[in-house]
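What follows draws every value from the coordinates through simple rules; no lab data is involved. Note that the coordinates shown come from a computational prediction; the quantities given were computed from them, not determined experimentally. Note that each Cβ is placed from the backbone with ideal geometry, even for glycine, and that neighbours are counted across all protein chains shown.
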Amino acid sequence: MKKDFGKLFSVILLSAIVALTAYLSLVTYSKKGKEDIKMINIFGNKLLNKDIYMQFANIDQLSVYDNISLNIIKKRIEEHPYIAKAEVKSDGRGNVDVRIKEKDIYAILLTKAEPFFVTNDFELLRIMQHTTYSDIPVISNFRLSEKPVPQKLFKTEDIVEAFKIIDAAKITDTNLAKRISEINLKNGGDVVLTFSGVNYPVVFGRGNESKKMIYLSLVWERINNLKAAYQNTEYIDLRFNNEAYIGSRENTGLI
């Protein structure tokens with residue numbers, strides 16, 4: 001009888017040890033990557049306020065800090081359409097820094113339904129409420145071969161042409177690039193550019209983007225130096241080989 005009792009006790013003890021080990025392993029696994037988070041800070045944001053990003057990721061309340069890990073914070077932040085990448089680091093004392101890299105917005109695409117951001121990778125993004133931005137050109141009157149869909153690629157012939165113009169401006173003169181306010185693709189016709197601070201259009205045409213941007217920079221330098229002679233300028237035409245045509249109410253000329 002004692003022998004049987006001893007065996008039973010051994011079985012019960014072994015079962016208890018196995019159960020305890022399994023419990024401790026489960027608790028350890030569930031806490032992996034977690035820590036006592038007291039504060040979360042976001043850096044690198046430009047398009048949206050950091051509080052909006054935190055609200056989107058549901059990490060704006062202290063009450064949820066006990067149930068999240070660094071990996072969860074990273075995943076939630078990167079789910080936002082504006083975010084390309086997020087790096088999450090802790091100082092080990094409860095302070096978590098989230099350094100985000102927003103997607104590179106190249107232009108605003110005007111459609112009949114609504115405007116979209118277009119990233120450098122041709123991804124369309126809805127422009128969300130409270131978004132702040134500047135020096136982003138508008139692309140208008142492009143040929144529509146397919147319906148624009150948010151968070152999908154929209155790499156059409158016209159959009160590629162507009163991107164080439166933007167790239168050429170950035171290479172030629174960063175100030176010139178910042179001043180592009182509209183790229184009117186004329187539904188497949190000759191592209192017309194509008195620049196901030198200039199009250200006349202630039203007929204840009206298609207092709208030879210870098211060459212034309214250099215000519216435009218030289219033309220504006222001459223216009224600025226001879227303001228009186230070009231005060232009646234109505235447009236600049238860059239469709240000619242190795243020449244820029246300046247249209248005026250009083251006279252016209254090739255330079």
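Need one number for the stretch 39-102: average projected area of the convex hull over its C-alpha atoms, nm². Present the calculation step by step, with values, prior to reporting the outcome.
Numbers: hull surface 15.0 nm².
Orientation-averaged projected area of the Cα hull: 3.7 nm².
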**Request:** Evaluate the relative contact order of the stretch 105-254 (contact order divided by residue number), counting alpha-carbon pairs under 8 angstrom at least 6 apart; express in whole percent.
**Result:** 15 percent
**Asked** Residues with amide H under 5 Å of Phe195's amide H, sequence separation 5 or more or different chain, H placed in the peptide plane at 1.01 Å from N; which?
**Response** Ser181
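Could you give the length gained by full extension between Leu153 and Gln61, i.e. 0.36 nm per residue of separation minus their alpha carbon distance, to one decimal place? Show your work: numbers first, answer last.
Details: separation 92, 0.36 × 92 = 33.12 nm, distance 3.47 nm.
Contour length minus Cα-Cα distance gives 29.7 nm.
Among 42-48, 137-143, how do they line up from the highest to the lowest mean number of other beta-carbon atoms within 10 Å?
On the way: 42-48: 17.3, 137-143: 19.6.
Top to bottom by mean Cβ count within 10 Å: 137-143, 42-48.
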**Message:** Straight-line reach only, C-alpha to C-alpha below 16 angstrom: list the aspartates and glutamates that Lys103 could link to, leaving out same-chain residues fewer than 8 apart.
**Reply:** Glu78, Glu79, Glu87, Asp121, Glu123, Asp135
**Complete:** Among Lys50/Lys89; Lys74/Lys112; Lys101/Lys147, the pairs whose Cα-Cα distance exceeds 24 Å are Lys74/Lys112; Lys101/Lys147
